[in-house]
Amino acid sequence: MSKTVFITGSSRGIGAATAKLFYNNGYNVVINYNNSEKEALALQKELPGCLLLKGDVSKEKDVSEMIAKTVSHFGSIDVLVNNAGISVVNLLTDTTLEEWEKLFSINVTGTFLTSKYATKEMIKNHSGKIINISSIWGVSGACMESCYSASKGAVIAFTKALAKELGPSGITVNCVAPGFIDTDMNNDVEEADRKAFCDETPLGRIGTPEEVAKTILFLASDNASFITGQIIGVDGGVII
Ligand code: NAP
């Protein structure tokens, strides 16, 4: 029987690449989007049989309903990928409380809520995989991204603690920390900054969403059966 993966924020970028890769590897795929309906519908068309769910990961009602719909449609939830995220690039002194709260509600509260509701299902089966998407900035901190870095650091601490809590229930919890990946999130980055980042990266280039997706697929597979609580960098070696 096919396993079911629920990928938050899979209308675009890393989430969409992950949805395609899991689909091509035989998973039942649940695509979640919040705003990008056009992109989500196009992806649904590309992946016949997948389940498309609109919902805001920062809202408890949306999350509980999406997890319930996943289980009633496919029978279980085997893999949860907490990918939905936003960034704020600004000086701390220019960042508003509203921006901080929105960032934390999606990047951190979203990860908490989906994990909470999916875990209830996974515990029943005594198995499951949770893969959280952090960032290199959650490891090392980025200048002008203190709030984003803090939110991604929280995702790392959450991963480690939850791995300890859920290990006895047969559930692994791991984290992927991507470096600079070519998605809409980086559309505003100047060409000179892109080049400077490539120069600092041992592999000399930025990464693709597909490269992150392959690591997520590995962590969801039986090949990663004895791996939990780990933070895996997919960053071309920029943090060593
Ligand atoms: P992206 O292209 O901007 O896509 C972000 C995705 O998150 C979209 O599908 C968006 O869906 C979804 N999303 C945002 N708010 C949401 C909400 N409230 N509820 C549900 N979905 C929501 O970004 P990306 O680069 O693929 O980023 C994916 C993840 O990787 C994020 O957690 C990001 O922090 C992390 N990351 C990215 C990079 C990078 O360089 N790109 C590096 C490190 C880590 P809608 O458009 O439908 O709202």
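Please list ILE31, ILE232 from largest to smallest accessible area, probe radius 1.4 Å, with all protein chains kept in place.
Largest to smallest exposure gives the sequence ILE232, ILE31.
Roughly how tilted is helix 60-74, in degrees to the nearest 10 and between 0 and 90, from the longest Cα axis of the chain?
The answer is roughly 50 degrees.
What does the net charge come to around LEU91 if you take all other residues with beta carbon closer than 13 Å to its beta carbon, with K and R at +1 and D and E at -1?
Result for the local shell: -3.
Just the accessible area for LEU91, please: 1.4 Å probe, Å², rounded to the nearest 10?
Counting only protein heavy atoms, the figure is 80 Å².
Whole-Hz Karplus ³J(HN,Hα) for the stretch 33-38, in order, using 6.51 cos²θ - 1.76 cosθ + 1.60 and θ = phi - 60°, x for Gly and Pro?
Whole-Hz 3J(HN,Hα) from phi for the stretch 33-38: 9, 10, 10, 7, 5, 4.
Largest first, how would PHE226, PHE22, PHE104 line up by accessible area (1.4 Å probe)?
PHE226, PHE104, PHE22
How much solvent-accessible surface does GLU200 expose, in Å² to the nearest 10, with a 1.4 Å probe and all protein chains in place?
120 Å²
Using helices alone, what [θ] at 222 nm do you get for the chain, with -39,500 (n - 2.57) per DSSP H run of 4 or more residues, divided over all residues and rounded to the nearest 500?
-14000 deg cm²/dmol
Mind checking the alpha-carbon convex hull of the stretch 144-200 and giving the volume per residue in Å³?
110 Å³
Loop-only trypsin sites (Lys or Arg not before Pro) in the stretch 147-240, please: DSSP not H, G, I, E or B, and at most 16 other Cβ atoms within 10 Å.
On the way: sites: LYS152, LYS160, LYS164, ARG194, LYS195, ARG205, LYS214; in loops: ARG205.
For trypsin sites (Lys or Arg not before Pro) across the stretch 147-240 that sit outside H, G, I, E and B with at most 16 neighbouring Cβ atoms in 10 Å, the list reads ARG205.
Do you know the relative contact order of the chain, to the nearest whole percent, from alpha carbon pairs under 8 angstrom that are 6+ apart?
Relative contact order comes out at 19 percent.
Please label the shape of the stretch 82-240 as rounded, prolate or oblate, based on the square roots a ≥ b ≥ c of the eigenvalues of the alpha-carbon gyration tensor (a/c under 1.5 means rounded; beyond that, a/b larger than b/c means prolate, else oblate). Display every interim value, and only then the final one.
Values: a/c = 2.41, a/b = 1.43, b/c = 1.69.
Oblate, because a/c is 1.5 or more while a/b does not exceed b/c.
What number comes out for accessible area per residue over the stretch 60-193 if the probe is 1.4 Å? Units Å², please.
So the stretch 60-193 comes to 47 Å² accessible per residue, rounded to a whole number.
So how do LEU52, LEU47 rank on accessible area, 1.4 Å probe, biggest first, that is with the largest at the start? The partial results should precede the final answer.
Values: LEU52 35, LEU47 5 Å².
My answer, sorted largest first, is LEU52, LEU47.
With all protein chains present, how much of the accessible area of the chain (probe radius 1.4 Å) comes from carbon and sulfur, to the nearest whole percent?
The value for the chain is 54 percent carbon and sulfur by accessible area.
Sorted from largest to smallest, which semi-axis lengths in Å does the alpha carbon gyration tensor of the stretch 1-150 give for its equivalent ellipsoid, taking the root of 5 times each eigenvalue?
In descending order, the three semi-axes are 28, 16, 14 Å.
Which value, in Å² rounded to 10, gives the accessible area of ASP235 with a 1.4 Å probe and all protein chains present?
30 Å²
If you find the alpha carbon centre of the stretch 164-217 and of the stretch 16-63, how far apart are they in angstrom?
20 Å
The values are calculated or read from the model by the stated rules, or taken from the named source; none is laboratory data. Not measured: the values here are computed from a predicted model. Using ideal geometry, Cβ is built from the backbone for each residue, glycine included, and neighbour counts are taken over all protein chains shown. For accessibility, only protein heavy atoms count, side chains too; no ligands or nucleic acids. Shrake-Rupley method; radii C 1.70, N 1.55, O 1.52, S 1.80 Å.
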